[in-house]
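Okay, so here's the structure we're looking at.
The values are calculated or read from the model by the stated rules, or taken from the named source; none is laboratory data. Here the structure is a predicted model, which is why all the values come from computation and not from measurement. A quick note on method: Cβ atoms are made from the backbone with ideal geometry, for glycine too, and the neighbour counts reach across all protein chains shown.
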Amino acid sequence: MRTLLPLSLLVALAALAVRAPAGPAAAATDGASSAPPLSTPAVGTPLGQDHFIAALARELSAHFNLEGDLQLELVRPCATPERLAREWSVQITEFPSLPAGAMLIRCRLLADREPVAESTVMLRATLWRDAWVARQPLTGGAAFDPALLDARRVDFFRERDALPALVGDHTFIFARSVQSGRLLTWRDVVRRPLVKKGEVVEVSAAAGQLVVMMKALAMQNGAKGEAVTVRNLDSRKDFTAFVIDENRVQVRF
């Protein structure tokens with residue numbers, strides 16, 4: 001008696017009997033699915049002049065705490081190493097005493113953190129920042145008002161005394177008259193005096209929990225935070241106090 005197999009079992013046996021032809025294409029496909037992708041090795045680059053100058057600018061700005069856009073130019077071309085590196089860095093080993101429009105520096109070049117050369121470099125430099133310019137004539141003693149001024153981009157290595165456009169608020173006054181169109185300098189502004197010479201001021205002195213208050217005569221003008229000489233109204237002795245507010249000073253021990 002013959003046993004009949006179920007239809008589902010016959011289908012399964014037929015599928016197992018079918019074999020895909022093995023060949024190069026199949027082998028390549030299997031290999032691609034199992035092998036990790038190849039990584040491209042990092043390629044080094046030479047030290048470009050732009051990279052070199054930018055690194056010097058960062059070093060100088062950080063060392064001198066410069067504010068503004070420092071731009072450098074090599075007075076003479078500087079020979080850089082011919083080798084390639086994945087990472088270049090520049091260290092200034094000798095700084096000038098002060099930042100200026102012309103600077104002589106000594107630096108070390110590092111390729112992949114390895115020192116490869118040292119060089120002495122002569123630089124021309126500019127430091128660009130916004131500075132205040134009088135939009136109209138200004139009167140000495142008037143309150144500082146930015147609405148009366150314009151901002152102009154100037155080289156602060158050339159205009160060292162220029163007043164930066166970030167400086168100036170109600171605590172300043174104009175120290176003297178300024179013509180229209182002129183660049184403002186630090187000599188053109190002063191802090192508004194909270195204590196004026198010849199006026200009676202209130203003096204406070206604290207020692208622990210004890211606070212002593214008295215009156216004194218101001219012997220000079222003073223802005224907030226400045227030290228001024230005041231005179232005791234009774235003993236006529238002079239002493240130093242610090243301005244803390246309008247007509248108020250404090251003795252510090």
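For the reader, a short list of remarks on this structure follows.
- The set of residues in region 161-175 being more than 21 Å from LYS224 (Cβ to Cβ) and either in contact with a Lys or Arg (Cβ under 6 Å, 6 or more places away or on another chain) or loosely packed, with under 13 Cβ neighbours inside 10 Å (or both) consists of ASP161 alone.
- Looking across region 138-159, the residues that are farther than 19 Å from VAL190 by Cβ and part of a loop (DSSP other than H, G, I, E, B) come down to PHE156, PHE157, ARG158, GLU159.
- Looking only at region 65-82, and only at residues there that are free of Cβ contacts under 8 Å to residues at least 40 places away in the same chain and surrounded by fewer than 13 Cβ atoms within 10 Å (Cβ to Cβ), the one that is nearest to ASP50 (Cα to Cα): PRO77
- A single entry from ALA227, ALA216, ALA223 fulfils the requirement of being hydrophobic (A, V, I, L, M, F, W, C), in contact with a Pro (Cβ under 8 Å, 6 or more places away or on another chain) and not assigned by TED's automatic domain parsing to the domain that holds GLY141: ALA223.
- Of the criteria (1) at pLDDT below 95; (2) assigned to a loop (DSSP other than H, G, I, E, B); (3) touching a Phe, Trp or Tyr at 6+ places or on another chain (Cβ under 9 Å), which one PRO99 fails: (1)
- Residues of region 197-253 satisfying the condition of being out of contact with any Ser or Thr (no Cβ under 9 Å at 6 or more places or on another chain), over 20 Å from ALA175 (Cα atoms) and of a type in the set (S, T, N, Q): SER204, GLN209, ASN232, SER235, ASN247
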